[in-house]
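> What follows is a structure written as structure tokens; I'll ask about it next.
The values are calculated or read from the model by the stated rules, or taken from the named source; none is laboratory data. Quick caveat: nothing in here was measured; it's all calculated off a predicted structure. Cβ: placed from backbone, ideal geometry, glycine included. Neighbour counts: every protein chain shown.
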Amino acid sequence: MELLCPAGSMPALKAAIEHGADAVYIGLRDDTNARHFAGLNFDDATLKDAARYVHQHGKKLHVAINTFAHPANFQRWQYAVDSAVQAGADVLILADIAVLAYAAERYPKVELHLSVQASATNAAAIDFYRQFGIKRVVLPRVLSMQQVRALARSCDINLEVFAFGSLCIMAEGRCYLSSYMTGQSPNTAGACSPAAFVEWQDNQGILESRLNGILIDRFAPNETAGYPTLCKGRFKVDDELYHALEEPTSLNTLDLLPQLHAEGICSLKIEGRQRSPAYVAQITKVWRAAIDAVLATPAQFAVKPQWQHTLSGLAEGSQTTLGAYHRKWK
Amino acid sequence: MQFSLGPVQYFWPKPQMMQFYRDAADSNVDIVYLGETVCSKRRELKFDDYFALAQMLRESGKQVCLSSMVLYEAPSELRELRKYVDNGEFLVEANDVGAISMLQERGLPFVAGAAINCYNQHTLRRLQSMGMMRWVMPVELSASWLDELLAQSIVADIRDCFTTEVFGFGHLPLAWSGRCFTARSENRSKDQCELCCINYPHGRQVKSQDGTDVFVINGIQTQSGYRYNLINQLGNMGANVDIVRLSPEAEGTFDWLAKFQANITGQAPQLLGSTDSNGYWLNLAGMATG
């Protein structure tokens, strides 16, 4: 069971490797990946440095090229694939049929993983993508543990699941809420609720967060104000004001680790390429310890309180959830 | 230019559905899509009911297409999908690549629905080679994206092998989740939803704290808060749009169909309401109006 950690920069990548990641995933410094944020990600030179560093430590480098190519700029996605392969990436994480086909035909020996952005939630969808020679599927965060189990038992393909981090509550790759509000979506621009559209305003002690002018939430002085991800705001349905879609909270599957292990899930992905090296270091350390514990003695696995304490401290709104893995969340 | 009625996205009681399709049969619409696309627990109409309606509509002179779901999670749902694929008579709209996989396996033609991620000429070309004969553009894309895509020689060369369709009216389907937001709005869990969507024939309006209609929740689906309305863009659509889709609303769908048909060349424009939008088509935020 692999521990796959995020890195948005060389310091974060080093932190992940030093604290026990088996593999690190990164993106290029453009809109070919779903974390296209200012100041983040790797250019051609740092990509090569990243591959060298990871390989020196005997670990693997995955490169996410998981947005959908634009008609007039398909070359940018081809170039991303070419650069990743030339830099020595072990794995490409892809979502667009066109990019999958290009990579599969041009580089038949490079390992391809199906990105969560391809939104494969069932055995028939996984079958569809087999024509591109994918070796692994990253499962969307909409499935329950029962559904993950059913897939693991019925599909002869490696499955990767999200273990910790920001919780996307929609079927990834098929959510257009962000472009509805801002014109930019994860699919087209590689960002959800982009920072350029965020405004904060103090209104007589009440802090208001807006996205492209739309009020996402209001915070009283005693409340922690979270980033205005549009599905995590407080909205009104009839007269009731609540988090109509989702609370600002992070996914945390530590409790499910023995079950995920028992089902042969091959990799646990930590979300957060936009996070700091210190965050990546702490998360990696906890998950390394937890995975080592479950691998050593699966039947005796118990979540240590200090692990949960560390993870809760790093979570969005200091809250964590099992998300869709737990049926009651739904 | 032809017009289509998309699948009913809401959960309506059976009598309302039957009336809607009787009206569709009597209307001037060219193409009718039908089937449950949002939630497998909605069973007011079962597959056989949809199939019977499809036959009735075909006898009324409509082209009929069975629409399949967007989010398949359980093996039981895939078994239901297989019924759609194996229906033997009607074209199927695939809204998940799982459906394409099954249709391709049987050598059947299909419609690639708006929830299939086809953003460029290379993907479109591949889908066409798999059997796609109609492409419904993803709702978040614009007129200029469509023009740019279709101008690429790799698809321009095969333009007569597929038709194009654009979502032109109704609440935009924007997201699908493992969670049921309508059940959540009634403090129920999804497992104990009691099919409460049936109480909301328009879905449930979600407003910002200062009163903007931001979303509509419809079971596991999140829709646009505003009604998308491209009626005033029809005259400029040109040859790149073969079919314009109207998504059924609880009221007024056929009145709007008539208005759309009267404005194909732009001779009968309509004043948009404050909760109409057309932003996506104009390369703006989806909820904007240009």
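> Name the single residue that is farthest from A:Leu251 (Cα to Cα) among those in the stretch A:117-173 being more than 10 Å from chain B (Cβ to nearest Cβ) and small (Gly, Ala, Ser).
Applying the filter and picking the extreme gives A:Gly133.
> I'm trying to understand the selection: among the residues of the stretch A:82-99, which are in contact with a strand residue (DSSP E or B) (Cβ under 8 Å, 6 or more places away or on another chain) and within 10 Å of chain B (Cβ to nearest Cβ)?
A:Ala95, A:Val99 - these are the residues of the stretch A:82-99 that are in contact with a strand residue (DSSP E or B) (Cβ under 8 Å, 6 or more places away or on another chain) and within 10 Å of chain B (Cβ to nearest Cβ).
> Quick check: anything in the stretch A:214-231 more than 19 Å from B:Ser208 (Cα to Cα) and out of contact with any helix residue (DSSP H, G or I) (no Cβ under 8 Å at 6 or more places or on another chain)?
Within the stretch A:214-231, one or more residues are more than 19 Å from B:Ser208 (Cα to Cα) and out of contact with any helix residue (DSSP H, G or I) (no Cβ under 8 Å at 6 or more places or on another chain).
Every residue, every condition in (1) touching a residue at least 60 places away in the same chain (Cβ under 8 Å); (2) more than 22 Å from the chain's Cα centre (by Cα), yes or no:
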{"residue": "A:Glu2", "(1), (2)": "yes, no"}
{"residue": "A:Tyr25", "(1), (2)": "yes, no"}
{"residue": "A:Thr32", "(1), (2)": "yes, no"}
{"residue": "A:Asp44", "(1), (2)": "no, yes"}
{"residue": "A:Asp49", "(1), (2)": "no, yes"}
{"residue": "A:His57", "(1), (2)": "no, yes"}
{"residue": "A:Leu61", "(1), (2)": "no, no"}
{"residue": "A:Gln75", "(1), (2)": "no, yes"}
{"residue": "A:Val81", "(1), (2)": "no, no"}
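> Scanning the stretch B:23-64 for residues that are hydroxyl-bearing (Ser, Thr, Tyr) and in contact with a helix residue (DSSP H, G or I) (Cβ under 7 Å, 6 or more places away or on another chain), which turns out surrounded by the most Cβ atoms within 10 Å (Cβ to Cβ)?
B:Ser27
> So, in the stretch B:241-290, of the ones that are assigned to a loop (DSSP other than H, G, I, E, B) and β-branched (Val, Ile, Thr), which residue ends up farthest from the chain's Cα centre (by Cα)?
Checked the stretch B:241-290; the qualifying residue farthest from the chain's Cα centre (by Cα) is B:Thr265.
> From the residues in the stretch B:201-220 that are assigned to a loop (DSSP other than H, G, I, E, B) and under 22 Å from B:Val38 (Cα atoms), which one is farthest from the other protein chains (Cβ to nearest Cβ)?
Only one residue tops the list, namely B:Pro201.
> Do you know which of the residues in the stretch B:79-100 that are buried (at least 23 other Cβ atoms within 10 Å of the Cβ) and small (Gly, Ala, Ser) is farthest from the other protein chains (Cβ to nearest Cβ)?
Ranking the qualifying residues of the stretch B:79-100, first place goes to B:Ala94.
> Right, here's the next one. Anything in the stretch A:290-313 that is touching a residue at least 60 places away in the same chain (Cβ under 8 Å) and in contact with a Phe, Trp or Tyr (Cβ under 7 Å, 6 or more places away or on another chain)? List them, or say none.
Across the stretch A:290-313, the qualifying residues are A:Val294, A:Leu311.
> Right, another one. For residues that are in contact with a Phe, Trp or Tyr (Cβ under 9 Å, 6 or more places away or on another chain) and free of Cβ contacts under 8 Å to residues at least 12 places away in the same chain, scanning just the stretch B:200-213, find the one that is surrounded by the fewest Cβ atoms within 10 Å (Cβ to Cβ).
B:Gln209
> Next question. Residues in the stretch B:65-76 that are within 23 Å of A:Gly173 (Cβ to Cβ) and surrounded by fewer than 20 Cβ atoms within 10 Å (Cβ to Cβ): how many?
Matching residues across the stretch B:65-76 total 2.
> Here are some conditions: (1) more than 28 Å from A:Leu314 (Cα to Cα); (2) surrounded by 18 or more Cβ atoms within 10 Å (Cβ to Cβ); (3) under 20 Å from the mean Cα position of the chain (by Cα). A:Asn158 meets all but one. Which one does it not meet?
Going through the list (1) more than 28 Å from A:Leu314 (Cα to Cα); (2) surrounded by 18 or more Cβ atoms within 10 Å (Cβ to Cβ); (3) under 20 Å from the mean Cα position of the chain (by Cα), A:Asn158 breaks only (2).
> Take A:Pro228 and decide whether it is buried (at least 21 other Cβ atoms within 10 Å of the Cβ), closer than 24 Å to A:Ala7 by Cα and within 14 Å of chain B (Cβ to nearest Cβ).
yes
> Please state which one of A:Tyr79, A:Tyr102 is more than 12 Å from every other protein chain (Cβ to nearest Cβ), in a helix (DSSP H, G or I) and surrounded by fewer than 24 Cβ atoms within 10 Å (Cβ to Cβ).
Answer to the selection: A:Tyr79.
> Among all residue pairs at least 6 apart or on different chains, which show Cβ distances below 6 Å where the first residue, located in the stretch B:119-130, is facing chain A (nearest Cβ under 7 Å) and the second is surrounded by fewer than 20 Cβ atoms within 10 Å (Cβ to Cβ)?
Listed pairs, sorted by first residue: B:Gln121/B:Gln152; B:Gln121/B:Ile154.
> Which is crowded, with 21+ Cβ neighbours inside 10 Å and small (Gly, Ala, Ser), of A:Ala163, A:Ala150, A:Ala123?
None of the other options fit; the residue is A:Ala163.
> Consider the stretch A:233-275. How many of its residues are at pLDDT 95 or above, under 15 Å from B:Phe215 (Cβ atoms) and buried (at least 21 other Cβ atoms within 10 Å of the Cβ)?
4
> Hey, could you check the stretch A:288-329 for residues that are within 14 Å of chain B (Cβ to nearest Cβ) and in a loop (DSSP other than H, G, I, E, B) and say which is surrounded by the fewest Cβ atoms within 10 Å (Cβ to Cβ)?
Checking each candidate, the answer is A:His326.
> Where in the stretch B:58-150 are the helices (runs of 4 or more DSSP H), entirely inside, with at least 3 residues that are small (Gly, Ala, Ser)?
Output list reads B:97-105.
> Turning to a different aspect of this structure: Please verify whether B:Glu186 is touching a helix residue (DSSP H, G or I) at 6+ places or on another chain (Cβ under 9 Å) and either surrounded by fewer than 20 Cβ atoms within 10 Å (Cβ to Cβ) or charged (D, E, K, R) (or both), treating the condition exactly as stated.
In short, yes.
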